[in-house]
Structures are given as C-alpha cells and as structure tokens.
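Working notes, beginning with the structure itself.
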2 protein chains.
Amino acid sequence: MKESIGKVPGLAVILVGQRRDSLTYVRNKIKACEEAGIKSVVAEFPDSCAEEDIMTSLSKFNEDPSVHGILVQLPLPELEYYLEFYKRTLYVLQMTCKSFLVQHLDEEKILNLVSLEKDVDGFHPINMGNLSMRGREPLFVPCTPKGCLELLLRSGVEIVGKKAVVIGRSNIVGLPIALLLQRHHATVTIVHACTKNPERITCEADIVVTAAGVPSLIRSSWLKPGAVVIDVGTCPVEDPSAEYGYRLVGDVCYEEALSIASAVTPVPGGVGPMTIAMLLCNTLDSAKRLYAFT
Amino acid sequence: MKESIGKVPGLAVILVGQRRDSLTYVRNKIKACEEAGIKSVVAEFPDSCAEEDIMTSLSKFNEDPSVHGILVQLPLPELEYYLEFYKRTLYVLQMTCKSFLVQHLDEEKILNLVSLEKDVDGFHPINMGNLSMRGREPLFVPCTPKGCLELLLRSGVEIVGKKAVVIGRSNIVGLPIALLLQRHHATVTIVHACTKNPERITCEADIVVTAAGVPSLIRSSWLKPGAVVIDVGTCPVEDPSAEYGYRLVGDVCYEEALSIASAVTPVPGGVGPMTIAMLLCNTLDSAKRLYAFT
C-alpha cells in the first residue's frame, strides 16, 4: 500500500488512567503497529481528566485523514463508585457530589462519538446491531471476538451445528463472541453470573469460549472430552519475579484442560496476540476502504 | 393526552403485496388503533412496486409531525428467488434479469430510512445494538419480543437464572427475544435450523419461546415438566370453514403441551394480541416523548 499509493494506515489510541493491564495492552498494540508499518499515536489522560478533553481529542482524530482507526482503551476509570460512596456517607455533601457526577466519564457518550468509519474496535451500537442481525454486515467485527473466530477457523474447528458455550456477557467480549459464533451457525448458550450450574451447561459444549476474568474457574470437570477451549480471561496477579511485577492468568486451569480438551489456548500468548493482529487488520481494512485500495 | 394537550398518537403502516397473513396483521393493527384512539394511516403498494415509491412514502411519514410511529410490514415480497430461477434457466436473458435486480426491494435500505424516533418496530440496527448491549437502552423494544416478556412478567414467571430456549433466530422475533431474555438474566440458548438434537436442548428449558413457523413442531417430548411455553409461530393453514379461508396454527401441539407445561400460550389469541398491544404502547411512548408528555 505504501509503495502503490504512498499511504500508510494510522491508528489513534485514547488511554485514560493507569490501569496496569490497560497500559500493557496499549504498549503491545503500539509495538505491533510499529512492526507492521502502521502509524500510531497515543493520547494519554489522567484518571481525573474532564470528559471534554477526551471528546476534543476524539473529534480531532475523527477529522484527521491520516487516522483510519480510533480505539478508546476500556474500561474507563470508574469514579462513579466513589461518588455513590460519598453520597451514602456524606449526605450533606450531596449537592457537591452531583457536580462530581457531571464530571464523570460517560463511556456511552465517548464511544458514540467515535466515527463509525474509524471504529476499529467495533463497539458502536450500530456495529453491534449489524453483527447481531442476519443479512447485515458490520463495518468492523470487534477485535477479540474476531481473533477467537480466526483461531477456530485456522485450526480447522468445525463450528456449524456445534454446541458453543460463551462464559461472560460483556459488551466487549462475551456478547460479540456469542453473536459471531451464532453467525457461523453454532448453537450458542451464554453463561453468566446468574446462571445456575454453569459447570453442567459448559461440559456439554463442543466449543467453550471463556471471558469471565475469574482465575482458574474452568477445571477439567467443566469440559467435555475433546472440547475446544478458548481462554479470553486475563487477570493480573502479583508476581515479583515478573518483568512488570505481575503476570496475566486466564480463566482456565491450563494443565487440567490439556488432559481432556482437544485444543486449549494459553494465557498469555493465546487470544491476546490475536486481538492485536485483528486490530491491525481492522485498521488496514479501514485505510483500504478510505483509499479504495484493494 | 388528547384532553390535556389536544394531541393523539399517530401510526403509519406501509404494506407491500398481498400476503394473507400480512393483510390480517395490518387489519388487526388498524382496528386496535381505532379502539385505542390512535390515528392510523396505511400506505399500500403492489408486489411489483418500485422501491422509490416506498422510500418517498416513508420520507413523508418521517417528516409528518402527526405520525409518531412508522412500521413496514415484513416480510417484503421476494422477487429475488424468481430472479435466481430466471438467471439459471435463461442464461441469455441475464442482462435483462439484472435490471430486475435493480427493481427488487432492499429491506435493509428501506428499514434504515425509518426515522429512529419513529421506529416503533425497533428493527433499526442501532436499536438492536442497544438492545443487545449491557448498560444501553433501545428507544423501542420490538413489539413481539416485548409482548412475550410482558406475558412472562404479568404471569409472575421468574426469569433470572432460568434456562430459556428460543427456537428460531429471525431478526424480527428470535434474535430480539433472546437478547431481551438475556437482559432479564436468563441463561439463553438459541436453537435454529443447524442445531443438532433441538429436542434434547429444548427439554431442559424452564422457558421455551418458539418462533420457528413449523406447525406442531413442539411435542410433549420437547418439554420439561412445568416449563412455560410461549408460542410465537403462526402458520396460515387452508381451512374453508374459517372466515378468511384459512386459520393460523402455532409451533406447539397445544393439547400435548398443556399436559406437561405449567403454562402455554394459545395460537391464535396468545402472542398476537400482545404484539399489537405493544405496538400501540410503543406508538404512545413515541408521541409522549415528542410532546414531553408524562
């Protein structure tokens, strides 16, 4: 693309706060961009920043023709919880607290501002609607779900008519993975915090995708012999011997799963790199679409 | 509302073609509007009408301040099938057939034109996206799914943590019902044409919502004792003794289901009237929103 039309894809990342896992993810995404020849820029904001500052930065990226993908690293910092705490304990300060609420970051408002054509994370509700509806095509499939599907397809796992269980129903992972598996004609069940006997439901599945964020939740008793297991869970656990003082742990007891499943993705090194690869892929697709380059 | 602010809600219906079931549905909707004091107008088009004519009519309704709800009665006539047939058998006429394709009605394009604020059917992808995402609220919940949920809630059926099976995954019924049950914290599985052994999966469900359109698909062997069964299936079957020459038949063997389920909705008379009631409800909500009337 660079040789043919003299353009490179560009990715803009908005990072708010200092969550360790978010810092790691953003660091890895930028590094991958560099390796692939994608121009990248990170706009960093402190936890306590004003929503307006983020919105202004986002608007600039929306208008910048050298930016083809924009991602807001989630989750955004939650000041709301503290607000509730203040409200309950310091009733007299309620008026003050209301002004806090105005300052709080509205994830929905921020994500809705991302231009549809640059929403490489695919989190806009119109993208999600098109992903869920038959006969419609989203502009972008969210990166982690797309990466999970790519793992299944490239490994030759049959999906049509298979029983799939997705554990977790977040907007970012659980929901879009379920929608995507359904698009590929699996029979999908979403297991979540309210599900009774999740173990019994999960152990009937041919394909298990888990995004619960609960370390070592999935033991061998949860799995059907021969099942394919994709572990999206990543929980940072303190580890002084690790490079950054912690390591990432998945939802699956890897060793136990290995003994019964036909395939298991490791954490780290399984879904994570795929998420990043799909982000690059979506950014490239976006640039190609803009320049009508095929 | 009429007494307080001198306004009544208005519903516009677009009806294309002569499908018997569509005619019945539209007739019933208009009658219900009259009974409830909602102004209604129907724009009728022949099977072979030009897409432009529908789009023009839609645009007028979008701009008309006395119209608060617009619905396009689905399914739209399918000329596509015949086109494929012509293409295959009369290869020499392919050029002619291409011009047919241009005339064909693009459901996506037509539905996308309906103003979000008047989309009382809730079929716009942004509505569907907001229905599927946690923490988001759609402007309108599609009428049939909303009616099914209302039946469950008003009958005191517990949904949280219950196993629900939805049979069928259409954009109009199966998908939004599944999303809605999920929003109410059921553990949802969607059964569809590719599902292996749907009977075994269905007979584990506490709540079964079926929208397959296959008469008498659900026998007693498909049901868990005590299950709650909602039958959305409506298949017109020839019956010379009936008023219009046919009668509607559901997916469920009603008598068989009665003997094992704790509750079953009949066809006709179950979900159908609820769908219409929810359409009136959505239209009223839309008018109240416009006039800021509470």
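Nothing in this text is a laboratory measurement; each read-out follows from the coordinates by a stated rule. Given the structure is predicted, the values throughout are model-derived calculations rather than measurements. Here the Cβ positions follow ideal geometry from the backbone for every residue, glycine too, while neighbour counts run over all protein chains shown.
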Notebook entry, point to check: Which residue fluctuates the most in chain B, going by a Gaussian network model with Cα springs under 10 Å, if the choices are B:Asn62, B:Asn28, B:Asn282?
Noted result: B:Asn28
Margin query: What does the copy distance list look like for A:Lys196, label position 7 Å along Cα→Cβ, in nm and ordered from shortest?
Written below: 2.8
Margin query: If each residue of separation counts as 0.36 nm, what is the full-extension length gain between B:Asn62 and B:Glu107 once their alpha-carbon separation is subtracted?
Written below: 14.5 nm
Check: Peptide A:128-140: average number of partner chain Cβ atoms within 10 Å per residue?
Finding: 6
Checklist line | Cut-off 11 Å between beta-carbons: net charge of the residues surrounding A:Ile218, Lys and Arg +1, Asp and Glu -1 | finding: -3
Next item on the list: Give the value in nm², to one decimal: projected area of the alpha carbon convex hull of chain B, averaged over all directions.
Entry: 17.8 nm²
Notebook entry, point to check: Which residue, chosen from B:Val173, B:Ile201, B:Val8, occupies the Cα position most advanced towards the positive end of the dipole of chain B, where the dipole is computed from +1 (Lys, Arg) and -1 (Asp, Glu) charges on Cβ about the Cα centre?
Noted result: B:Ile201
Margin query: Show me, for region B:228-240, the HN-Hα J-couplings you get by feeding each phi into the Karplus relation (A = 6.51, B = -1.76, C = 1.60, θ = phi - 60°), rounded to Hz, glycine and proline as x.
Written below: 9, 10, 10, 9, 8, x, 9, 10, x, 10, 3, 7, x
Next item on the list: Search the structure for amide H atoms under 5 Å from the amide H of A:Val42, placed 1.01 Å from N in the peptide plane, and list their residues when 5 or more places away or on another chain.
Entry: A:Val13
Checklist line | Sequence-separation-based contact order of region B:143-272, relative, with Cα cut under 8 Å and 6+ spacing, percent | finding: 22 percent
Notebook entry, point to check: Just how large is the dipole of chain A about the Cα centre, in debye to the nearest 20, putting +1 at every Lys and Arg Cβ and -1 at every Asp and Glu Cβ?
Noted result: 680 debye
Next item on the list: Over the whole of B:188-196, what's the average partner chain Cβ count within 10 Å per residue? Rounded to a whole number, please.
Entry: 6
Check: GNM on chain B, C-alpha springs below 10 Å: top fluctuator among B:Val67, B:Val157, B:Val237?
Finding: B:Val237
Next item on the list: In debye, nearest 20, what is the charge dipole magnitude of region B:143-272 about its Cα centre with +1 on Lys and Arg Cβ and -1 on Asp and Glu Cβ, if you could check?
Entry: 540 debye
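I need the shape label for region A:165-294. Rule: rounded when a/c is under 1.5, else prolate if a/b > b/c, else oblate, with a, b, c from the alpha carbon gyration tensor.
In terms of gyration-tensor shape, oblate.
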Checklist line | Partner chain coverage, peptide A:28-39 - average Cβ within 10 angstrom | finding: 0
Next item on the list: Show me B:9-16, A:114-121 ranked by packing, highest mean number of other Cβ atoms within 10 Å first.
Entry: B:9-16, A:114-121
